[in-house]
1. Just checking, which of M1, M51 is surrounded by 10 or more Cβ atoms within 10 Å (Cβ to Cβ), of a type outside the set (G, A, S) and not in a helix (DSSP H, G or I)?
2. Just to check your reading of the model, which residue among L35, L14, L43, L31 is of a type in the set (A, V, I, L, M) and surrounded by fewer than 10 Cβ atoms within 10 Å (Cβ to Cβ)?
3. For segment 4-41, give me each residue that is of a type outside the set (D, E), in a helix (DSSP H, G or I) and either in contact with a strand residue (DSSP E or B) (Cβ under 9 Å, 6 or more places away or on another chain) or more than 30 Å from I62 (Cα to Cα) (or both).
4. What are the pairs, 6+ residues apart or on separate chains, where a residue within segment 49-62 that is β-branched (V, I, T) has its Cβ under 8 Å from a residue that is surrounded by 10 or more Cβ atoms within 10 Å (Cβ to Cβ)?
Amino acid sequence: MSKKSHISIFIFSLGLAIVFGGLDHATHSMLDLFLNKGNVVALVIYTLLFMAVTYTVVWMYIQAKL
């Protein structure tokens, strides 16, 4: 995979984590999402989770294509 693919997977995963963090009922603004230490930890964990799922799907797609 190219470097561009890795960067786009990271940006996609981070964006998805931010969207899900923003949809949390306790978050009143996006500033709250980044200033609370617990929310930052959750964003990192969700980003890593979404990256793992995305890499798995890409790997399965490449294997099926071969």
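1. M1
2. Of L35, L14, L43, L31, the one residue that is of a type in the set (A, V, I, L, M) and surrounded by fewer than 10 Cβ atoms within 10 Å (Cβ to Cβ) is L31.
3. Those that are of a type outside the set (D, E), in a helix (DSSP H, G or I) and either in contact with a strand residue (DSSP E or B) (Cβ under 9 Å, 6 or more places away or on another chain) or more than 30 Å from I62 (Cα to Cα) (or both): G21, G22, M30, L31, L33, F34, L35, K37, G38, N39, V40, V41.
4. Note: pairs meeting the criteria are T54/I9; T54/F12; T54/S13; V58/M1; V58/S5; V58/I9.
Each reported figure results from applying straightforward, stated rules to the coordinates on display, with no laboratory input. Here the structure is a predicted model, which means the values were calculated and not measured. Ideal geometry is used to build each Cβ from the backbone, glycine not excepted, and the neighbour counts take in all protein chains shown.
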